[in-house]
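Notes follow once the structure below has been shown.
Read the figures in this text as sums done on the coordinates, not as results from a lab. Keep in mind the model is a prediction, meaning the values are calculated, not measured. Neighbour counts run over all protein chains shown; Cβ positions are idealised from the backbone, glycine included.
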Amino acid sequence: MVLEHMVWLTPKPGVSEAQMEQIAASIRALTHIPGVIAISAGRNITDRANGATYGVLVTLEDAEDLPLYLAHPDHQAVGVVLREHCEVLALDYER
């Protein structure tokens, strides 16, 4: 069953739009990780996300791929930057 890994990003004070665009690009570059079907990441265009200005959707082949994706060194490296620059909220669901 396909798993959707959704992430909301709220920049911390002082984080520029250019930095957020770089972060989004680094997330989109993780498609090489085993189990990943697709990744999209972009700027929020509404005021309905409680301050989150970027969203991420990672589609994985199944739920068993999530721990492997999260533990992958390339994801871990992006995660360090995310937590340094953003408040992060994630949700995962099977479809």
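Some notes on this structure:
- Sole residue being in contact with a Ser or Thr (Cβ under 8 Å, 6 or more places away or on another chain) and closer than 16 Å to LEU89 by Cβ, chosen from GLY51, GLY79: GLY51
- Residue ID - surrounded by the most Cβ atoms within 10 Å (Cβ to Cβ), chosen from residues in the stretch 60-90 that are in contact with a His (Cβ under 8 Å, 6 or more places away or on another chain) and not in a helix (DSSP H, G or I): LEU60
- All of (1) of a type in the set (S, T, N, Q); (2) touching a Gly at 6+ places or on another chain (Cβ under 9 Å); (3) surrounded by 14 or more Cβ atoms within 10 Å (Cβ to Cβ) hold for GLN19 with one exception: (2).
- Conditions (1) surrounded by 16 or more Cβ atoms within 10 Å (Cβ to Cβ); (2) out of contact with any Leu (no Cβ under 8 Å at 6 or more places or on another chain); (3) on the phi > 0 side of the Ramachandran plot: number failed by GLY35: (2)
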